[in-house]
Ligand code: PMT
């Protein structure tokens, strides 16, 4: 996918700049032509010599070459590129990009670029969570740029949280998807639910589960980037998703999620239900905080509605409804039973027995179970890649796959 693609790698002044060297090397190994543009301050973190050696081209930073009086033509650079990546993108550069500032070669090139622009932010967790940074990322996404949200983990400061730059191999995979992606879902209306639900016990406590929302947000992003208009119904999760084609509806409980999904379902072409919906809720919610009195506390639980089954009943011809099955044993049999019982067209099976699969991981290992074909198992992949496989299958089911190969046949060939 990257062979002979012309890629500008913009590097700004953050500690993650050291990883940009690995990124440049990985892109060159994949056959891409890489032009590095780094800010003056980024040179304190990684040298132009290293980057020029790895990319086999001079690494540029200044707007003009003072030695011979020539200038580096940002317009030509912007037109040359098939894709521009800014990684790491600091809070400062993101703010400048969001506001059209043009005081460096990197920024003038960004403003001139007609190709897709991808940003991989990296900064400390409080800077990343700051409303001004969030607003800048939202604006950049609204302008059509692709934001690779920073994963959570240990940061250079020693703090732990969201803000570390996405790993170079994941950025490379994301660029392959951007360059390989069609717009075959243009005009499609898709509903995705994601995250857990919280079922109140009293004003301070609830029953919940470990769903982070990563899987569902990856699906929503993938659908939107292929042109679909997405309604994301999200349970209580901390993750954010900035995309101009994603409308987000936040809910807390299963009953709120049911209402939000059912209200929108008639106007949708398809839905992918990845939420981990609580099957039970307390029969009564205590109006005040339950006091500890040393005695055992018994909660009576009543069943919650089954959102997938309700949507299955309301499904009209032509709509495609997909669910997930989270299993710990008898995986395939249970998934097939859920497929039938809930009136789904296909179900994505993931098992908690698999290392790296299920809740909260950045990876997942799934099997696509479709009533119309034998199950298709996939290897362990990032949740973004899993989302791409699921959306490939959805596109096939909707008759919108174009010339795209059938993901099942590709997977079986790989096996
Ligand atoms: O959010 P992450 O941390 O990334 O984790 C992802 C995930 C593990 C939550 C996701 O991959 C997943 O498996 N989601 C479904 C979890 C689940 O509740 O599975 P289930 O087998 O209990 O439910 C089957 C299907 O019915 C699901 O589509 C579920 O959304 C739906 N359901 C379940 C119960 C209920 N009351 N209403 C429902 O709609």
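Since every read-out is calculated from the coordinates, none of them should be taken as a lab result. What you see is a predicted model; the values in this text were computed from it and never measured. Using ideal geometry, Cβ is built from the backbone for each residue, glycine included, and neighbour counts are taken over all protein chains shown.
Report, in degrees rounded to the nearest 10, the 0 to 90 angle that the Cα long axis of helix 214-225 makes with the longest principal axis of the chain.
For helix 214-225, the angle is close to 60 degrees.
Let me have the relative contact order for the stretch 282-383, percent, based on Cα pairs under 8 Å that are six or more residues apart.
Relative contact order here is 18 percent.
Going highest first, how would you order 182-190, 155-163, 66-74 by mean Cβ packing within 10 Å? Could you put the intermediate results ahead of the total?
On the way: 182-190: 17.0, 155-163: 15.4, 66-74: 11.2.
Ranking the peptides 182-190, 155-163, 66-74 by packing returns 182-190, 155-163, 66-74.
With the contact rule set at Cα under 8 Å and sequence spacing of 6 or more, what percent relative contact order holds for the stretch 6-181? If you can, show how the numbers build up before the last one.
Values: 355 pairs, mean separation 39.3, N = 176.
Relative CO of the stretch 6-181 lands at 22 percent.
Quick one: work out Rg over Rh on the C-alpha atoms of the stretch 11-149, Rh as Kirkwood radius.
Values: Rg = 14.4 Å, Rh = 15.2 Å.
My calculation of the ratio gives 0.95.
To check you understand DSSP bridge types, tell me what percent of the beta bridges within the stretch 6-181 (both residues inside) are antiparallel, rounded to 5.
Details: 5 of 22 bridges.
Roughly 25 percent of the DSSP beta bridges within the stretch 6-181 come out antiparallel.
Output the peptides 335-347, 255-267 sorted from most to least packed, where packing is the average of other Cβ atoms within 10 Å over each peptide's residues. Present the calculation step by step, with values, prior to reporting the outcome.
Numbers: 335-347: 19.7, 255-267: 17.1.
Highest mean packing first, the order is 335-347, 255-267.
Given the -39500 (n - 2.57) contribution per DSSP H run of 4+ residues, what per-residue ellipticity at 222 nm results for the chain, rounded to the nearest 500 deg cm²/dmol? If you can, show how the numbers build up before the last one.
Details: 14 runs with 139 residues, N = 415.
Value at 222 nm, helices only: -10000 deg cm²/dmol.
For a quick protection proxy, order the peptides 114-123, 130-139, 274-283 by their average other-Cβ count within 10 Å, most packed first. Could the numbers behind the result be given before it?
Numbers: 114-123: 22.5, 130-139: 15.9, 274-283: 20.1.
Listed from highest to lowest mean packing, they are 114-123, 274-283, 130-139.
Taking the 0 to 90 degree range and rounding to the nearest ten, how far is the long axis of helix 383-397 tilted relative to the main principal axis of the chain, both from C-alpha atoms?
70 degrees
What is the angle, in °, between the Cα long axis of helix 17-29 and the longest principal axis of the Cα atoms in the chain? Nearest 10 is fine, range 0 to 90.
Once rounded, the angle reads 90 degrees.
Report the residue, chosen from 175, 352, 223, that carries the largest GNM mean-square fluctuation when the chain is represented by alpha-carbon nodes joined by springs under 10 Å.
352
Using a 10 angstrom cutoff on alpha carbons, build the Gaussian network for the chain and name the most mobile of 75, 302, 28.
Of 75, 302, 28, the Gaussian network model singles out 302 as fluctuating most.
Do you know the relative contact order of the chain, to the nearest whole percent, from alpha carbon pairs under 8 angstrom that are 6+ apart? Intermediate results must be reported in sequence, preceding the final value.
Working: 889 pairs, mean separation 43.8, N = 415.
Across the chain, relative contact order equals 11 percent.
Go ahead and run the numbers for FRET between residue 111 and residue 299, Cβ-Cβ distance against an R0 of 56 Å, rounding to 0.05.
Details: r = 58 Å, r/R0 = 1.04.
Computed FRET efficiency for residue 111 and residue 299: 0.45.
Give me the percent of DSSP beta bridges within the chain that run antiparallel, rounded to the nearest 5. Working shown, then result.
Values: 19 of 62 bridges.
In the chain, approximately 30 percent of DSSP beta bridges are antiparallel ones.
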